[in-house]
Amino acid sequence: MFKQNNIIIIIFFIFQTSLFASDINGELFKAESRLANLLQEDGHINEAIFRYQKMLKKNSSPFIVIDLAQLYQRIGEPQKGLQLLNGSNIERIDNIRTLLALAKIYFDLADYKSSAINLKKIPEKQWEKEEFKMAALINSRLENIDETIYYYQSLIDRFDDKSYYLNLAILQEKKGLIEETQKTLENFYNYDNSPYSLRFLTRFYRKHKKDSELQNLLKNIEQTIESKKEMRPLLKSRN
């Protein structure tokens, strides 16, 4: 409701402002930009696209080009977004937003090599978590196992995102890195501590004949279950 009220206010402002002289065109353009952003945030994507197209005729700002290209991508028309970016006069070498937009669009078009090329033009020291996730996905599609392992490991180490333990372990085992796989799967089980992670770990122990590790794991699980059983009467008595 708050966004809708703001949209109505801005539309009214644009209508009023458009009645005045051209010396306030700057303020009018800012209002149109704000309206397009609000429409996009509120899910009115087609209306937002119309507004961006209208603004683009008056101002070829790189930010408008990128925003419009990303909106085309959101409605399932990445080819239009790519044509827009390639047809503009945007300097792409140092424009991180443009390079990232191109990487996403090429990814949606299943052109993973072009996606990787544009992403790698952004220095890794400037990457956020989103870029590392995209790099992992791109290299996974390209079947670059070493690179994918690096990016999954980076997501775990740099961003403490332990949900990638399993992805990492699968690739490590595929590469024959048995010790590393064992450590990663054990970390995954300690993090997740569910039947799902337990299944992967026990399967690994059996497959690679890690009998002592398997017995210790099952023993610890049994002890934990017994401990919980012993605690139940105490917890009930407290209640």
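Throughout, read-outs are computed from the coordinates displayed, never taken from laboratory work. These figures come from a predicted structure and were not determined experimentally. So basically every Cβ, Gly included, is an ideal-geometry build from the backbone, and we count neighbours across all protein chains shown.
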*Protection-proxy order for peptides 38-44, 190-196, each taking the mean of Cβ atoms within 10 Å per residue, highest first*: 38-44, 190-196
*In whole angstrom, how far apart do the alpha carbon centroids of the range 50-65 and the range 155-212 sit?*
48
_Just to confirm the filter: which chymotrypsin sites (Phe, Trp or Tyr not before Pro) across the range 40-132 are DSSP coil and have at most 11 other Cβ within 10 angstrom of their Cβ?_
none
*HN-Hα J in Hz across the range 160-169 - Karplus 6.51, -1.76, 1.60, θ = phi - 60°, x for Gly and Pro*: 6, 9, 6, 5, 8, 4, 5, 4, 5, 4
*Which loop trypsin sites (Lys or Arg not before Pro) in the range 135-191, with loop taken from DSSP, have no more than 10 other Cβ atoms within 10 angstrom of their Cβ?*
none
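How about the range 133-176: which GluC sites (Glu not before Pro) there lie in a loop by DSSP and see at most 15 other Cβ atoms within 10 Å? It would help to have the intermediate numbers written out before the result.
Numbers: sites: 143, 147, 173; in loops: 143.
Answer by residue number: 143.
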